[in-house]
There are 2 protein chains.
Amino acid sequence: MNNVDTGRTIEQLETPCLLLDQSCMMRNVTRLKRRLEALGVPLRPHLKTSKSVDVAKRIVDSLTGAATVSTLREAEEFGSAGIGDLLYAVGITPNKLDRVAAIRARGTNLSVIVDSLETAEAVAAKALATRDRIPTLIEVDSDGHRAGIRADEVQRLVEVGRALHDGGAELRGILTHAGRSYECRTTAEIEAFAEKERVAAVRSANVLRDAGLPAPIVSIGSTPTALFVKNLQGVTEVRAGTFTFFDLFMSGLGVCTLDDIALSVLTTVVSHQRQTGRIVVDAGWMALSRDRATARQPVDQGYGLVCDVLGRPYKDLLVIETNQEQGILAIRAGSSATLPELPVGSLIRILPNHACATSSQHRQYNVVETDSDQVLDRWPIFRGW
Amino acid sequence: MNNVDTGRTIEQLETPCLLLDQSCMMRNVTRLKRRLEALGVPLRPHLKTSKSVDVAKRIVDSLTGAATVSTLREAEEFGSAGIGDLLYAVGITPNKLDRVAAIRARGTNLSVIVDSLETAEAVAAKALATRDRIPTLIEVDSDGHRAGIRADEVQRLVEVGRALHDGGAELRGILTHAGRSYECRTTAEIEAFAEKERVAAVRSANVLRDAGLPAPIVSIGSTPTALFVKNLQGVTEVRAGTFTFFDLFMSGLGVCTLDDIALSVLTTVVSHQRQTGRIVVDAGWMALSRDRATARQPVDQGYGLVCDVLGRPYKDLLVIETNQEQGILAIRAGSSATLPELPVGSLIRILPNHACATSSQHRQYNVVETDSDQVLDRWPIFRGW
């Protein structure tokens, strides 16, 4: 779908639709890659944020082809596009192993993660049955956030490791994700979290090694910790996804600025009710997503922060409410800002709470450049499992 | 895609995926149709809830082909499938009028709604330019909920009516949607709301008629008010969508029972952490949606209520937290219920907060019957604008 929109402008797009600022995205990606290069550890970018082959080709290292996925459909789509080294970073279930085997049989080096003995045994059984030593990492819970074996459950860790290694699978090492880093309030807290994540993963890998088991990979990461980590000793790769586009939640965390947010929803003013100070637009929760991540932060950004058509934020203008296909804009409660003119038909952009949630509501990115109204390209977004 | 799954069972599906209980859906539809028939007013079902041609063919009256849509893509998809009389019940914007004209030119009788003079003039101009008197309703705000002209803004109503009628469009009447009925706490409140909705719409139609303007259509509706309305005098059609599938929010409102919910998400247990009383499943917010409508109700159902594989609810077992591709189950805080066994690999169903939000996260319905594990069919879901 390259260059189908040459000569088209943002004003010619039908709303609601997604805009992606390509240079902004590439700046975000370069920043994190350089940071991790300085620490001597490669990035394994998470492709769930974009679900786009066009984005993936721009951010994945073409030599290693190393990336992270959150669904087997992502593994299929990105694998078919030639991204050869994919880590499926969501606990595998036994009923997905046939599909894992099929993806691997087509030449994608897909690895999986487990956190229970039952699943480890199922993976090992499938490895034996298919004569393919499915590479498998053990998920460790570094912050009580979600799935994973706790780093102090030494015996369980070794049991699962043995079930994989002795059972015929390829035990590749340890994975963890410090999801609770999203709840930090300061960069010092994020740094401390990053260290906690590292220690949990490295210790767990050493538990396996001390038991005579292999653990070549120690995989950690989340956008906040990847951007603030100081020490990666013992870590072999870092995963992060949201950094590709950034969003209001990451801006509220202090991980990026509003200028770093590459993704926005273009919408049209449907009606302007001056007497009540409300503006109705044609982007509701279907276009913005229901994600209200910033509601948990000191500054609640509603369903999104409103910018002009070129992406410059209006002071304190938020999407305060949504229904399925409409959003209601108003000035933030307590603010002295005034409602901009914005007559019916005006185009505006809305910065999202959570990039992964908003992008997945759409079928394509309309690719733009900072401070320009030219639409350069259209990149399809896929979905489903 | 008919009968592709003949002989398949729920146990053979890959998770997460959507299950739709066909008989349950048909009972819901028959119930509302009979109710409205008794009141002498036809239903114009809202197809945004399903976004499925297969569902639409089963619930739309085949003689009138009257239905409601929330996007022009829905108008295109359902129009192509032969549903001939479609009301696009979201305020039209000037930049969508070319597409409206194209849909109408292909033979779909698509009507639109406006709530401002600017848009009415744009519709009239397009009607003149295309020599097609685009049928248009005026949206009235019956509850301060969203877009629409207030019923007491008599002068504005007449101005907009004249701009349409005198400008060359077909003024078809009045539309309103009592969105705030979702905030009612008792059926008596819903009944009162339904009457308020009716009165606002009928009065507004009479304002137009008194000014010598046509207003043959008076269109009202929402799932709660449609199910509890007692008096439809002066109303010519009722719109409702969620009633097709129902959901936990409607159950919390007292509009349906848990048994009436036709939609659920099938998911697999990924890990069972008995020591912490948490179960991890492979349905996160991508499969369930981020919609947390029941958080505003007396009984908060988390991200969904958990049922066994045949749809029978476990006592007080909720999805208490989600990330993108995983959900965390736990017993409701304060409940004395105990966590069911549910070993790794077990299949369960999750009833959704909001049917429209959950269905739109998926690409197809797996059609099932009450109390059976047979998968009868697969119906595609489309999306986008």
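The values are calculated or read from the model by the stated rules, or taken from the named source; none is laboratory data. In this text the structure is predicted, and so the values were computed from the model without any measurement. Cβ: placed from backbone, ideal geometry, glycine included. Neighbour counts: every protein chain shown. Areas reflect the complete protein model, heavy atoms only, side chains present, ligands, DNA and RNA absent. Shrake-Rupley method; radii C 1.70, N 1.55, O 1.52, S 1.80 Å.
Could you run through region A:349-363 and say how many residues are farther than 15 Å from A:T267 by Cα and in contact with a Leu (Cβ under 9 Å, 6 or more places away or on another chain)?
Summing the residues that are farther than 15 Å from A:T267 by Cα and in contact with a Leu (Cβ under 9 Å, 6 or more places away or on another chain) in region A:349-363 gives 5.
Considering only region B:179-197, how many residues are open to solvent by 30 Å² or more (accessible area, probe 1.4 Å), in a helix (DSSP H, G or I) and away from chain A (no Cβ under 14 Å)?
8
Restricting attention to region B:127-148, which residues are buried (at least 17 other Cβ atoms within 10 Å of the Cβ) and either within 13 Å of another protein chain (Cβ to nearest Cβ) or among the hydroxyl-bearing types (S, T, Y) (or both)?
Hits for region B:127-148 are B:T130, B:T136, B:I138, B:E139, B:V140, B:D141, B:S142, B:D143, B:H145, B:R146, B:A147, B:G148.
Against the conditions (1) open to solvent by less than 10 Å² (accessible area, probe 1.4 Å); (2) among the hydrophobic types (A, V, I, L, M, F, W, C); (3) under 19 Å from A:N28 (Cα atoms), where does A:A205 fall short? Just the number, please.
So the condition that A:A205 fails would be (3).
Output the residue which, of all residues in region A:17-33 that are open to solvent by 10 Å² or more (accessible area, probe 1.4 Å) and touching a strand residue (DSSP E or B) at 6+ places or on another chain (Cβ under 6 Å), is nearest to A:Q324 (Cα to Cα).
By that ranking, first place goes to A:C17.
Could you tell me whether any residue of region B:238-247 is open to solvent by 10 Å² or more (accessible area, probe 1.4 Å), β-branched (V, I, T) and touching a residue at least 40 places away in the same chain (Cβ under 8 Å)?
No.
Any idea which of B:D291, B:D300, B:D371 is modelled with pLDDT under 95, within 28 Å of B:S23 (Cα to Cα) and either open to solvent by less than 30 Å² (accessible area, probe 1.4 Å) or not hydroxyl-bearing (S, T, Y) (or both)?
The match here is B:D371.
Filter region B:41-59 down to the residues that are of a type in the set (K, R) and surrounded by fewer than 24 Cβ atoms within 10 Å (Cβ to Cβ), then identify the one that is nearest to the other protein chains (Cβ to nearest Cβ).
The extreme case among them is B:K48.
Farther than 24 Å from B:R185 by Cβ, away from every other protein chain (no Cβ under 13 Å) and open to solvent by 50 Å² or more (accessible area, probe 1.4 Å): is that true of B:R312 in this structure?
yes
What number of residues in region A:145-178 are part of a helix (DSSP H, G or I) and in contact with a Pro (Cβ under 6 Å, 6 or more places away or on another chain)?
Total meeting the criteria: 0.
So if I check each of A:A188, A:A178, A:A201, which one is closer than 19 Å to A:V154 by Cβ and of a type outside the set (D, E)?
None of the others qualify; the one that does is A:A201.
Please enumerate the residues belonging to region B:232-267 that are in a helix (DSSP H, G or I) and of a type in the set (V, I, T).
If the condition is that a residue be in a helix (DSSP H, G or I) and of a type in the set (V, I, T), then B:T242, B:T244 are the ones that fit.
Quick one: in region B:221-231, of everything that is assigned to a helix (DSSP H, G or I) and among the hydrophobic types (A, V, I, L, M, F, W, C), which residue is most open to solvent (accessible area, probe 1.4 Å)?
Looking at residues that are assigned to a helix (DSSP H, G or I) and among the hydrophobic types (A, V, I, L, M, F, W, C), I get B:F228.
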